[in-house]
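To start, the structure under review is shown below, and the notes come after it.
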Amino acid sequence: MFNGDDRKLRTARNLVLIVIVTATWLAGLAWIRARFSPPPIAVHPSAADTYVASKATDVFHRGTCGHVSRISAEDVLAYGTRAPAAQGRKPCPACNP
Ligand SMILES: [Zn+2]
């Protein structure tokens, strides 16, 4: 009876330890991934002959505009010519595309 309870207690303690170790390991993995993932600017088109717009705003830019780096990677829209970029959008006052 006593031995059985002791074993149950040890099993529970081991389970808690496993959960803590796993959680710490996952948190460390997430930190490493956040620390070493390339910055979003790396995926942005920045050639002078491209036009860039954001899904979140109604302004379009030249690919070289400083505002382009502030558009998040999932919102960025790139165009090779001005016409489709300008459709329904206002030109950026900073880069005057
Ligand atoms: Zn601009």
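Values in this text are rule-based calculations from the coordinates and carry no lab data. This one's a predicted model, so the numbers in the text were calculated from it and none came from an experiment. Note that each Cβ is placed from the backbone with ideal geometry, even for glycine, and that neighbours are counted across all protein chains shown.
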* Structure fact -> Checking rank on 55-62, 13-20, 83-90, with mean other Cβ inside 10 Å and highest first, the result is 55-62, 83-90, 13-20
* To do: Please give the contour-minus-distance gain from residue 26 to residue 90: 0.36 nm per residue of separation, less the Cα-Cα distance, rounded to one decimal in nm.
  => 18.6 nm
